[in-house]
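The values are calculated or read from the model by the stated rules, or taken from the named source; none is laboratory data. The model shown is predicted, which means the values in this text are computed figures rather than measured ones. Using ideal geometry, Cβ is built from the backbone for each residue, glycine included, and neighbour counts are taken over all protein chains shown. Ligands, DNA and RNA are stripped out before the accessible areas are found, and what is left, the full protein with its side chains, is counted by its heavy atoms. Shrake-Rupley method; radii C 1.70, N 1.55, O 1.52, S 1.80 Å.
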Amino acid sequence: MADDVVSLAEVSDDADPVVDAFLTRIAATAAEVIAGVDYASITAWRGGGYTTVAASSDLARAVDDAQHADAAGPCVQAEQSAAPVGVPDLTASTMSWPWFFEQAAELGLRASVSVPLFAGGGSPVAVLNLYTRESSSLIALIAGVHEVFAAERIPAGGFGADESAGTRQLLNGLGLALQLRVTIQRAVGMLMADAGCDAAQAQRMLRARAAAAGESLSTTALRVIDELGPDPGTSVRMTVGPLVGDVVSVAVSGELTRPVDPAVAGRLAEVLHELALVVEWDLSGLRFCDVAGLRLLLDLWQRAARDGRQMRMVAASDAVRTLMLLTETTALFSYPAAPESTADGDALG
C-alpha cells in the first residue's frame, strides 16, 4: 500500500489507467491491513461528477454514493480542500452533511477518515475513504494522518510503537508522497519563473525532461531545483521602504520555502513593529513559495489583524499567484482579482 501511494505521486494526473490501477490496489489493501478499518473506498472526480473508483464492499460504495449525490460529506470536502477530514464519532453530530450521517448510521458505521491522494500534478486525484463500525478505532489513525499532512513528510520522530503495522504503512506512504509532492511543485514553480509560463506548461516541461532522461518525476524535479535554485544564503532577500503616511512597503525576493529559516521568519515579523497601519507586500521577486512559506505569511497576517493593522499584497510572482489560487487565500491578502499584466510580478493597475 505504501509503495502504491508513493508511486502514484510520480505519475501524470491524466494517465487514467495507471492512476486507477494504483487506486484500486490502495483501496483493497487498506481494508485488509489497517487495524480498525472495516471498509475502504476511493472517491474521484470523473466526467463532471464524483464517483467511486474502487471499493472494498458495496456498503462503502453506498456511503460514498450518498455523499456524491449530495455533493457534500467528508470525501467531498477532502477533495475540495486537499486536506484530510476525520470524523471520529459519526453519532456525535448530524448538523453537517445530514444525508451522509443518516446513511452511515443506517449502515452501522461509527467513524471515518477521508484522505486526499496526489499524483504528479499536485492536486488531489482521488480521496481514500476509510470506515469503521467502532467509534474509537480510527482516533489514532486520524491524528496520524493530520500530523503527516501538517508536516508534509514523515514526522522526524516517526510514529508510535502502538500504531498497527498497517497504520504505519499508510502513514509512511502518505509522508513520502507528500514530500515528493513538495519537491515536484517546487520544481514546477521554478520552471514557471524561469520560462515565464503557467503551471500546466511547467508540468509538461518537467514530465518531458523526466521522459527524455528516463528517470522519475521527483528525480528530475531535484535536478531542476539544483539547476535553478538560488545560491546558499541568498534564499530570501527583503527590502523595507520608507513610511509613507500610514503605509510601509516591503519587497521580498528569492525563495520562501520549507524549511523556513527562523532568521528569515524573524526579519519578516519585524515589519509588524513598524509604525505603519498598512503593510504592502511586493512578492513579485519570489521565484518560489511553498505551503510552508504561505503559512508564514498567513501567520503574519493574523498577527497584523490582532494588532489592528492591515496586510495586503500588491504584486506577486506566477508561483505565488498559483499557490494563492490553489489555497483560495487571495482575498485574505486583499490581492486584486482582476487580470494581471503578462509580465511576471506586475501589480494590477
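Filtered by the rule that a residue be in contact (Cβ under 8 Å) with a residue 40 or more places away in the chain and among the hydrophobic types (A, V, I, L, M, F, W, C), the range 88-114 gives 90, 104, 107, 109.
For residue 24, are the conditions met, namely being among the hydroxyl-bearing types (Ser, Thr, Tyr) and farther than 12 Å from residue 169 by Cβ? Against the criterion (among the hydroxyl-bearing types (Ser, Thr, Tyr) and farther than 12 Å from residue 169 by Cβ), residue 24 qualifies.
For the range 252-311, the set of residues classified as in contact with a Gly (Cβ under 6 Å, 6 or more places away or on another chain) and not hydroxyl-bearing (Ser, Thr, Tyr) consists of 256, 288, listed by residue number.
In the set (1) over 24 Å from residue 150 (Cβ atoms); (2) at pLDDT 80 or above, the condition left unmet by residue 320 is number (1). Here is a check on your reading of the model: is residue 296 free of Cβ contacts under 8 Å to residues at least 60 places away in the same chain, in contact with a helix residue (DSSP H, G or I) (Cβ under 9 Å, 6 or more places away or on another chain) and on the phi < 0 side of the Ramachandran plot? Spelling it out, residue 296 is indeed free of Cβ contacts under 8 Å to residues at least 60 places away in the same chain, in contact with a helix residue (DSSP H, G or I) (Cβ under 9 Å, 6 or more places away or on another chain) and on the phi < 0 side of the Ramachandran plot. Pairs are defined by a Cβ separation below 7 Å, a sequence spacing of at least 6 or placement on different chains, a first member in the range 1-25 that is within 20 Å of residue 208 (Cβ to Cβ), and a second member that is hydroxyl-bearing (Ser, Thr, Tyr); the pairs so defined are 10/216; 10/218. The sole residue among 199, 221 that is open to solvent by less than 20 Å² (accessible area, probe 1.4 Å) and of a type outside the set (Val, Ile, Thr) is 221. Quick check on the range 158-170. Is at least one of its residues open to solvent by less than 50 Å² (accessible area, probe 1.4 Å), at pLDDT 85 or above, closer than 28 Å to residue 321 by Cα and not hydroxyl-bearing (Ser, Thr, Tyr)? Checked against the condition, which is being open to solvent by less than 50 Å² (accessible area, probe 1.4 Å), at pLDDT 85 or above, closer than 28 Å to residue 321 by Cα and not hydroxyl-bearing (Ser, Thr, Tyr), the range 158-170 yields no hits at all.
One residue alone among 332, 294 is at pLDDT below 80, under 23 Å from the mean Cα position of the chain (by Cα) and either in a helix (DSSP H, G or I) or over 25 Å from residue 178 (Cβ atoms) (or both), and that residue is 332. For the range 325-336, filtered to residues that are out of contact with any strand residue (DSSP E or B) (no Cβ under 7 Å at 6 or more places or on another chain) and surrounded by 15 or more Cβ atoms within 10 Å (Cβ to Cβ), the residue that is farthest from residue 185 (Cα to Cα) is 336. Here residue 183 meets the list (1) among the β-branched types (Val, Ile, Thr); (2) crowded, with 16+ Cβ neighbours inside 10 Å; (3) modelled with pLDDT under 85 almost entirely, failing just condition (3). Considering the conditions (1) more than 19 Å from residue 151 (Cα to Cα); (2) of a type in the set (D, E, K, R); (3) crowded, with 19+ Cβ neighbours inside 10 Å, residue 312 is excluded by exactly one of them, (3).
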